[in-house]
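The values are calculated or read from the model by the stated rules, or taken from the named source; none is laboratory data. Fair warning: this is a prediction, and the values are worked out from it, not measured in the lab. All Cβ positions, even for glycine, are placed from backbone atoms using ideal geometry, and neighbour counts span all protein chains on display. Just the protein is used for accessible areas: all its heavy atoms, side chains included, with ligands, DNA and RNA removed. Shrake-Rupley method; radii C 1.70, N 1.55, O 1.52, S 1.80 Å.
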Amino acid sequence: VMNASELRGKKPSELEETLLELRKEQFNLRMQRGTGQLARPSEMNRVRKDIARVKTIINEMKAGEAS
């Protein structure tokens, strides 16, 4: 689980890369769920929340540049 302060220390390009990795992980978990191989359903929630966290930080950075 990532925390927000950890993410705020990253560059925007690193955040985009992290977001891409999380989306790939989310896709893989969705495929596992579809085939009935998902061992820990809580992983879906963790990844979804991490994606939201990364997107929030990205949007905060964009808002900071605008003002």
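Numerical summary
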quantity	calculated
Rounded percent of accessible protein surface that carbon and sulfur make up, the chain, 1.4 Å probe	51 percent
Approximate spin-label separation LEU20-GLU60, in nm, with each point projected 7 Å along Cα-to-Cβ	2.4 nm
Helix 12-34 axis, angle to the chain major axis (alpha carbon atoms, nearest 10°)	20 degrees
Over the chain: helical MRE at 222 nm, DSSP H runs n ≥ 4 each giving -39500 (n - 2.57), nearest 500	-26500 deg cm²/dmol
Using alpha-carbon coordinates, inclination of helix 42-66 to the longest axis of the chain, degrees	20 degrees
